[in-house]
Amino acid sequence: MNKKRISEEMEKILNKQVTNEAWNAEIYLAYGAWADDQGMTGLSNYLFRHSKEERDHMMKFMQHIMQRGGKVKIDQIPKPLENPKNLKECLENLFEAEVENSEAIYKIINLALEEKDWATWNFLQWFVKEQIEEENLVEELLDRYNLISGGGEINGSDLYQFDKDLSKEEDEADIARDSSIEKQ
């Protein structure tokens with residue numbers, strides 16, 4: 001009896017996303033080590049926490065593949081991005097990686113719709129919300145950086161405060177669909 005309930009194409013693209021999530025975890029891990037080397041322990045801790053979150057995402061994809069009767073195929077993880085030149089480049093690269101990850105998830109959703117694979121489509125809805133949050137988190141850091149820097153570099157006490165604030169930064173961001181406007 002065949003228990004597989006996902007197509008070959010779906011299995012392949014989901015396995016590609018397993019590797020993509022692992023790669024994103026490696027980026028956060030590598031950038032966390034870079035930040036620590038630069039003396040930015042708040043940023044380092046923040047990035048290490050997000051590395052674990054990306055690895056958890058990878059595990060969710062693996063579990064879905066297995067629960068639908070597919071086979072997980074672990075591919076080689078590409079080398080993480082090169083160390084950034086500065087904090088701004090670090091944040092910009094993280095934002096780009098999150099946007100690319102969102103686009104990869106949208107491709108899987110499109111395939112799920114095309115195949116009428118409602119179990120996978122439903123599974124992916126959590127990731128849509130999660131990616132909105134992930135993009136917003138990094139975008140908010142970029143906005144804060146740009147506000148403080150005025151178009152230049154952050155250094156001295158501004159860099160110290162930015163890093164210190166990150167040690168207490170929430171790992172979740174508010175997203176519009178979860179917000180309401182209170183009447184006054």
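Taking the range 63-110 as the region of interest, how many residues are of a type outside the set (A, V, I, L, M, F, W, C), over 18 Å from GLU11 (Cα atoms) and within 17 Å of the chain's Cα centre (by Cα)?
Counting residues in the range 63-110 that are of a type outside the set (A, V, I, L, M, F, W, C), over 18 Å from GLU11 (Cα atoms) and within 17 Å of the chain's Cα centre (by Cα) gives 10.
Checking GLU114 against (1) within 15 Å of the chain's Cα centre (by Cα); (2) within 21 Å of LYS4 (Cα to Cα), which test does it fail?
Single failed check for GLU114: (1).
Among the listed residues LEU159, LEU94, which satisfies the condition of being at pLDDT 95 or above and buried (at least 18 other Cβ atoms within 10 Å of the Cβ)? Outline the logic, then answer.
Values: LEU159 fails: at pLDDT 95 or above.
None of the other options fit; the residue is LEU94.
Can you pull out the residues in the range 100-159 that are farther than 24 Å from ASN20 by Cα and aliphatic (A, V, I, L, M)?
We begin by selecting, within the range 100-159, every residue farther than 24 Å from ASN20 by Cα; these are 143-159.
Passing the criteria: LEU147, ILE148, ILE154, LEU159.
May I ask you to verify whether GLU133 is touching an Asp or Glu at 6+ places or on another chain (Cβ under 7 Å) and under 30 Å from ILE13 (Cα atoms)?
yes
Could you check how many residues of the range 97-139 are of a type in the set (D, E, K, R) and surrounded by 14 or more Cβ atoms within 10 Å (Cβ to Cβ)?
First, the residues of the range 97-139 that are of a type in the set (D, E, K, R): 98, 100, 103, 107, 114-117, 129-130, 133-135, 139.
This time we only want the ones that are surrounded by 14 or more Cβ atoms within 10 Å (Cβ to Cβ), so: 98, 115, 117, 130, 133-135, 139.
Total satisfying the criteria: 8.
Spot the failing condition for LYS71; the list is (1) buried (at least 21 other Cβ atoms within 10 Å of the Cβ); (2) assigned to a loop (DSSP other than H, G, I, E, B); (3) charged (D, E, K, R), and only one is missed.
With (1) buried (at least 21 other Cβ atoms within 10 Å of the Cβ); (2) assigned to a loop (DSSP other than H, G, I, E, B); (3) charged (D, E, K, R) applied to LYS71, the lone miss is (1).
Output the residues belonging to the range 1-29 that are more than 27 Å from ASN93 (Cβ to Cβ) and among the polar types (S, T, N, Q).
To start, the set of residues in the range 1-29 that are more than 27 Å from ASN93 (Cβ to Cβ) comprises 1-12.
Answer for the range 1-29, where residues must be more than 27 Å from ASN93 (Cβ to Cβ) and among the polar types (S, T, N, Q): ASN2, SER7.
I'd like the full set of residues that are assigned to a helix (DSSP H, G or I) and either aliphatic (A, V, I, L, M) or crowded, with 21+ Cβ neighbours inside 10 Å (or both), limited to the range 1-19.
Initial filter on the range 1-19 (assigned to a helix (DSSP H, G or I)): 8-19.
Scanning the range 1-19 gives MET10, ILE13, LEU14, GLN17, VAL18.
Looking only at the range 20-47, which residues are surrounded by fewer than 17 Cβ atoms within 10 Å (Cβ to Cβ) and part of a helix (DSSP H, G or I)?
Hits for the range 20-47 are ALA33, ASP36, ASP37, THR41.
The values are calculated or read from the model by the stated rules, or taken from the named source; none is laboratory data. What you are looking at is a predicted structure, and each value in this text was computed from that prediction instead of being measured. Because the Cβ atoms are built from the backbone with ideal geometry, glycine has one as well, and the counts that use them run over all protein chains shown.
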